[in-house]
Amino acid sequence: MTDTSVVLSSQDYAHYDLRVVEGNVVIYAAKIASDREKISITRLKPKTKYTYTLKHQDVETGASGSFETFPPEGQRASFSISVGSCSMVARDLPPLEVETYDRIATHNTSLFIQMGDMHYSDVDEDDIHQISANYDYSLSHPDAKKLFSTQATAYMWDDHDFGPNNADSTSPSMRASRYAYMRSVPHYPLVAATNFSNPDEPKSIDFEQNSQCLTNPEANSYYDCLGNTTDSNQWTGAGVGVYQAFTIGKVRVVMPDLRSESIISGQLMSSKQMRWLLDEIKNASRYSMMVLVSSVAYTGEEEEGGDAWAGHPAERVMVANAVAEHKVDNLLLVAGDAHMLAMDDGRNTDYNTVGGKAGIPVVQAAPLANIGSCKGGPYSHGPFGYRFAVNNHFATLKIVDEGIRPACVRVQGWSVAEQDPLLDVEMCVPFVKKGKPGLGSCNIQLVKPDELSVFICFGLFFIVDHLWILLARGKSRRERCVWLSAIWLALFIQGVVSFFYYKYARMKIYVYIVFNASLFFIIFCSLATMQVYRALKTLPPVRKSMAVPSDASASLGSPKGEDAPLADPSSRSS
């Protein structure tokens, strides 16, 4: 998508009629030639909404969508972007509901940036069919279709949708992944059209124009387009990345490829891509704002062999030094891979070694649907997430760039489970600051409150139920019913509080734990008190006694405890 053009990608719509409409005017009509085709439409109007429909043999299919072109390039304009990554879907995985896509669609942003791990196929072989099938599955996922058919999308892969976990340029899936990306994903012009045996030597073959690459799905046919070689050694770390950049109004979006040219314990990108990235940073002052898209975490302690920026500290320093040397003050970085929501305002992101300011704001926005994890840090805001639960997160960037004032951006981090944003920070250029290098780590909560509620509820029931069995022995039926009812009432109260805690999130987690512990303590003490009371009640009564003189003992006591009769006075001797 640009201000005057769009590329639509279709799967399984061969011989369908595509019609694009502005209002009631048809501005484009054509027949889709094959099941996998990218249709380029040009000469559109900036910031204009268009709709499209598909017909088959003049019959409406119900398949439709819409898009809105970007504001005019080079002119200041306000718009919004949504970002996210890590959707745990794949053909060979159990179906997973990804509610996040529907929630993103409600924000009606101008662009959705998918920062990697669109699917988790983890293909570790050179199989174009398997990788393409997973793209098809992801793009046609029931929860994703609405978003992808109504909003422009920019996509950069990460490890799981490029190859296996922590994949780099040595992955067997390298060539097939790049080919599948070219065939299935609309994208902006790629910088790396190079000779693969010599990454620094330009090559005349253009992937965009090579019809054999894009139309022939037969196995191995794509090797003819990729340097006429099947020698994987010539691909290791070579300049074959899908890095790209584009402009919306006066906001530059830069998307480096941190997978297909990386080498674990070697490099994060090729030297050619690094030169391109540093040039983009150098020219940041030409734009109102620059958004740098990173598929991996930027901050964190140096980690030898790591696949993020922390595993390649020298390259991170190069980026930071470029920011400081060229006095860039309008650069914002958004990142995926770490399954959490977090942000640092620049106080923990300054890795420059030349002096100056290089503390760029960093936004971590993931996962769209996955178990939580925490990487990098520390962060000035967050992190938010749950380690042993499925999280549904994304972030929005609301950019205001009008008039003579500096551009501003409002960063909001969202969870599908909450109505209000977990993260809400507004800042204006200049927002790059003097900070310190973030060399720490981060932590997120273990489980969601509702799941913690279930654990505690079952735990309480198990403990209290067994206590009741032990303590209720010998009790009357009435007593057992009363105390069993009390136990269930206490658990019901606990469940109600859990519900309101989860729905409204008004209670801090430690208060919630204290409440449940207190409830258990009350139940336990009540049962213990009842048992003590019952034990005391069954003791024999204590007899009362009085002291008497020894010479009167004969006249006291009777077999039945009655008083002895008085002696007859006449029987006394004188």
The set of residues whose placed amide H lies less than 5 Å from the amide H of T2, leaving out same-chain residues fewer than 5 positions away, is F70
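By how many nm would the segment from V447 to T353 grow when fully extended, if each residue of separation counts as 0.36 nm and the alpha-carbon distance is taken off? Don't jump to the answer; show the numbers that get you there.
Working: separation 94, 0.36 × 94 = 33.84 nm, distance 3.98 nm.
Difference between extended and current length: 29.9 nm.
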For H56, the accessible surface traced by a 1.4 Å probe with all protein chains present amounts, in square angstrom to the nearest 10, to 70 Å²
What's the center-to-center distance, using Cα atoms, between segment 97-120 and segment 156-186 in Å? 20 Å
Please list, by residue number, every one of the chymotrypsin sites (Phe, Trp or Tyr not before Pro) in segment 361-452 that is coil in DSSP and has at most 13 other beta-carbon atoms within 10 Å. F388
Probe 1.4 Å, all protein chains present, accessible-area order of C481, C525, largest first: C481, C525
Can you give me the solvent accessible area of S87 with a 1.4 Å probe, rounded to the nearest 10 Å²? 0 Å²
Label N24 and E60 with points 7 Å out from Cα along Cα→Cβ: what is the distance between them in nm? 1.6 nm
Cα gyration tensor shape of segment 302-410, rounded if a/c is under 1.5, else prolate or oblate by comparing a/b with b/c: oblate
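At a 1.4 Å probe radius, which order do I444, I493, I264 fall into by accessible area, largest first? Don't jump to the answer; show the numbers that get you there.
On the way: I444 20, I493 75, I264 55 Å².
The most accessible residue leads, giving I493, I264, I444.
In Å², and per residue, what accessible area does segment 258-367 have when probed at 1.4 Å with the other protein chains present?
About 30 Å² of surface per residue is accessible.
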Heavy-atom accessible area of E418 with all protein chains present, probe 1.4 Å, nearest 10 Å²? 40 Å²
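The values are calculated or read from the model by the stated rules, or taken from the named source; none is laboratory data. Since this is a predicted model, take the numbers as computed values, not measurements. Neighbour counts are summed over all protein chains in view; Cβ atoms, including those assigned to glycine, are modelled from backbone coordinates with ideal geometry. Remember, those area values only see protein heavy atoms, side chains included, never the ligands or the DNA or RNA. Shrake-Rupley method; radii C 1.70, N 1.55, O 1.52, S 1.80 Å.
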